[in-house]
1. Output the peptides 33-40, 95-102, 228-235 sorted from most to least packed, where packing is the average of other Cβ atoms within 10 Å over each peptide's residues.
2. Treating the beta-carbon of each Lys and Arg as +1 and of each Asp and Glu as -1, no other charges, what is the dipole magnitude of the range 165-269 about its Cα centre, to the nearest 20 debye?
3. Only helical DSSP H runs with n ≥ 4 go in: add -39500 (n - 2.57) per run for the chain, normalise by residue count and round the 222 nm mean residue ellipticity to 500 deg cm²/dmol.
4. What are the ³J(HN,Hα) values, in whole Hz, obtained from phi via the Karplus relation 6.51 cos²θ - 1.76 cosθ + 1.60 with θ = phi - 60°, for each residue of the range 162-169 in sequence order, with x given for Gly and Pro?
5. Could you tally the net charge around Val96, taking each other residue with its Cβ under 13 Å from the Cβ of Val96, Lys/Arg +1 and Asp/Glu -1?
6. Given Ala169, Ile449, Ala37, which one lies farthest toward the positive end of the charge dipole of the chain, if we put +1 on the Cβ of every Lys and Arg and -1 on the Cβ of every Asp and Glu?
7. Amide H to amide H, which residues 5 or more places from Ala241 or on other chains are under 5 Å from it, using H placed in the peptide plane?
8. So who's got an amide H within less than 5 Å of the one on Gln367, skipping anything under 5 residues away but keeping other chains? H placed 1.01 Å off N, in plane.
Amino acid sequence: PSLFQPSPKTGVCCTVTSCSSSSPLRLGIAGLGTVGAGVIRLLRANADLLSARAGRPLEVVAVSARDRTRDRGVDVSTLRWYENAADLVSDPDVDVVVELIGGAEGTARAVVEAALKAGKPVVTANKALLALHGSTLAQLSAANNAPLLFEAAVAGGIPAIKTVREGLAADRLLRVGGILNGTCNYILTVMRETGKDFATVLKDAQDLGYAEADPSTDVDGLDAAHKLTILAGLAFGQPVAFDSVHVEGIRRIGAIDQTFARALGYRIKLLGLASMTDAGLQARVTPCLVPQNAPLAQVDGVFNAVVAEGEFVGRIMIEGRGAGAGPTASAVTADLVDIARGHTIAVWGVQTSTQPALRACPLSSGQGAFYLRLMVEDRPGVIADISAVLRDCGVSLRSMLQHPAENDSTPYVPLVLVTHQTSEAAMQDAVARIDALSVVTDSTVVIRIEAA
């Protein structure tokens, strides 16, 4: 019999048919990397606890991966092995497909779409897939009465998805986001604590396994943007177009910026923030200066933090490990428990499957205060030239810091300006004009200031 009954009004799966409580929920896991092996390990270690909480056993019956000989630290010799993940999906003994391959295209996307079309529930940790194809997958999920759950796709073991989509379902959310990438948070933390530059700390993070050999997805902000796209879709009940999210990374943050930030009473964090304003959705991933006594400023190392703000609940923050085999496996398994219980929900938390992707409004429509770090010639009249540009653009200065030249042979010095609230458009115009001045030697580093 079918595991799920469709809602008569929406076609979204919502209840489990009555089947024997002793009948196991049979799982097929596509992808046996760190997380896949971690899920098997957790399911076996906590089998009795999970069976009690789910109301039935959770049993892995089939797996798919490329290398059958690799030692993964778990015994998979008794499980059916599929080199082709598509064959795992069509296995009649697999009730639920767990996709842990990763990537927005290729095998991962094909597996998830095939499973949903076959009416099989899917659990995934694939943030890129949800961020880029969430609208299509939501329609497949609803059309085929097949739940799609993805707690592990955002912030690892932190229950961010359930908090935003279910725990705050009664409230109208105004803002969501936070520190969404542990690699960047680790790098920025160590830079602040040691005074080392970005390249040095990145290399150390790679040696420790906190950063990939190709770190671009993390340090250029794409990983955080994937997660923000998902959180924003849940917060506002509509999938968000990933390509409309403004994304900046942390490569241009220098040790000198950490020094200036400390002097000004701030810490630098890479934040993903989405808010619904009169102008529409504003969604961006950018380095930000956060007051050093703010809760977000205290989240250091590889930890993540998710913040949500609602009309009735006010502001909440949850913090924890955002990656790793244990936290991610815990989130994947929590979704499996929900499916076993029959607790499922529409992908974006609203009972419709035909929503178009919501696009963020241009960054220039926003407002904010800014930190500007310039390298300028060390001679009279420079500050007057820069102040004239800011005046002409309608940007008001709150404070200024300047370090003296290291020695007489250094022709340029760093100059930091902090603005009052101004429009993004005015700030962009001012920075373009400042960078064109002959007294400025390098493009300006711009960091937004968040009250957090």
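The values are calculated or read from the model by the stated rules, or taken from the named source; none is laboratory data. Everything numeric here is computed off the predicted structure, so don't read it as measured data. Cβ atoms come from the backbone with ideal geometry, glycine included; neighbour counts cover every protein chain shown. Ligands, DNA and RNA are excluded from the accessible area calculation, which covers all protein heavy atoms including side chains. Shrake-Rupley method; radii C 1.70, N 1.55, O 1.52, S 1.80 Å.
1. For the peptides 33-40, 95-102, 228-235, the packing ranking is 228-235, 95-102, 33-40.
2. Dipole about the Cα centre, nearest 20: 460 debye.
3. -10000 deg cm²/dmol
4. Residue by residue, the range 162-169 yields 5, 4, 6, 7, 10, x, 10, 4 Hz.
5. Summing Lys/Arg as +1 and Asp/Glu as -1 gives -3.
6. So the residue we want is Ala169.
7. Here Leu358, Arg359, Ala360 satisfy the definition.
8. Amide H to amide H, under 5 Å and 5 or more residues apart or across chains, Gln367 pairs with Glu424.
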